[in-house]
Amino acid sequence: MRLAPGGSGRPSGWHSPVVYHEDGIDDVAVVAELVQQVEGEGCIDVDRVYATGFSNGAEMAAQVACVLPDVFAAVAPVSGAVYQGC
């Protein structure tokens with residue numbers, strides 16, 4: 001199963017509490033809830049959940065790797081900055 005969420009806001013983008021403090025949006029929490037919902041409703045291997053993204057999506061992939069290490073088996077950020085110290 002593949003999911004391709006696109007973040008929030010206008011223009012659409014990913015927001016995380018570590019990178020974007022000022023807007024109050026926590027897309028990391030949204031991703032955690034989305035994965036939990038899919039695990040509950042779908043037939044997936046919870047040991048093989050991955051995240052990837054490009055640019056702002058790469059920043060988000062790195063962020064979920066840092067904040068949700070027990071959720072994702074691996075991440076592959078492409079061409080994005082890593083802001084947190086993980």
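Using a simple spin-label model with pseudo-atoms 7 Å out from Cα toward Cβ, TYR50 and SER12 lie 2.2 nm apart.
Rolling a 1.4 Å probe across the protein heavy atoms gives the chain an accessible surface of 66 Å² per residue. Given their separation in residues at 0.36 nm each and the Cα-Cα distance between them, GLU41 and ALA81 gain 11.1 nm when the chain is fully extended. Across the chain, C-alpha contacts under 8 Å between residues 6 or more apart give a mean separation that, scaled by the residue count, equals a relative contact order of 26 percent.
The values are calculated or read from the model by the stated rules, or taken from the named source; none is laboratory data. Small disclaimer: the values here were computed from a predicted structure and weren't measured. Cβ coordinates were reconstructed from backbone atoms using ideal geometry, including for glycine residues, and neighbour counts include every protein chain displayed. Protein only, heavy atoms only, side chains kept; ligands, DNA and RNA dropped before computing areas. Shrake-Rupley method; radii C 1.70, N 1.55, O 1.52, S 1.80 Å.
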